[in-house]
Amino acid sequence: MSQHIVSPEVHEHHTQEQESLKTAGFWLFLVSDILLFGTLFAVYVVLVGHTNGGPTGKELFEIPLFVTSTFILLTSSFTSGIAVLQMQANKLKGTIFWLVMTLLLGAAFLFLEIEEFMTMVHEGANIGTSAFLSAFFTLVGTHGIHVTMGIFWCIGLILQLRKRGITTVTKRKITNFSLYWHFLDVIWIFLLSVVYLMGVM
């Protein structure tokens, strides 16, 4: 029986096509996320004044906490960018190191967000207290869920890099992860402006 032999060039071209399709799918995912957050922001803006006699943002939000969270998350965006540069230079150890730094900073950010939520709930300001708090917990919590997803994604990438090294597939995954992480930073800047800064004014 004759066997159909695929040349390395054809295989590489097929792999590149598959990676391009997956990248396009990732961009569609980001677009759907933009629509999701756009809707949640719109709901928050409508409901921010509906406190039902409960606490307002000015009473709840702690400036040092959200400033620290912002610094940590923006720094993690910087480290994820360095990871991509290390990947492009085919430096495996450097790529893993900066991904680990991004992971740790993301975990620190998430810890502060959980701490903020727990403090609010302890003070009696929970998701059922008012329409304002329902919108707040849903919006900020959705961002937190996305950060959690990013953390697990980053762990998966680190494990894949340790096993397979820098390949066409891992390059695409790291690039997409970095874009996703930058996207979360942009969403946080909007959260900082619309929710926290306007909330304490």
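The values are calculated or read from the model by the stated rules, or taken from the named source; none is laboratory data. Not measured: the values here are computed from a predicted model. Note that each Cβ is placed from the backbone with ideal geometry, even for glycine, and that neighbours are counted across all protein chains shown. All accessible areas refer to the heavy atoms of the entire protein, side chains included, with ligands and DNA or RNA removed. Shrake-Rupley method; radii C 1.70, N 1.55, O 1.52, S 1.80 Å.
So in region 141-182, with the set limited to residues that are free of Cβ contacts under 8 Å to residues at least 12 places away in the same chain and in a helix (DSSP H, G or I), which one is most open to solvent (accessible area, probe 1.4 Å)? Checking each candidate, the answer is 163. Of all the numbered requirements in (1) buried (at least 18 other Cβ atoms within 10 Å of the Cβ); (2) not in a helix (DSSP H, G or I), residue 124 misses one, and that requirement is (1). Within region 29-52, the set of residues being open to solvent by 80 Å² or more (accessible area, probe 1.4 Å) and in a loop (DSSP other than H, G, I, E, B) comprises 50, 52.
Check region 67-82 and report whether any residue there is farther than 27 Å from residue 137 by Cα, modelled with pLDDT of 95 or more and more than 16 Å from the chain's Cα centre (by Cα). Yes: region 67-82 contains one or more residues that are farther than 27 Å from residue 137 by Cα, modelled with pLDDT of 95 or more and more than 16 Å from the chain's Cα centre (by Cα). Remark: pairs (first residue in region 119-132, among the aromatic types (Phe, Trp, Tyr); second residue part of a loop (DSSP other than H, G, I, E, B) and surrounded by 15 or more Cβ atoms within 10 Å (Cβ to Cβ); Cβ separation under 9 Å; 6+ apart in sequence or on different chains) = 132/48; 132/51; 132/54; 132/55; 132/56. Candidates in region 56-81 are the residues that are among the hydrophobic types (A, V, I, L, M, F, W, C) and over 14 Å from residue 200 (Cβ atoms); of these, the one that is least open to solvent (accessible area, probe 1.4 Å) is 73.
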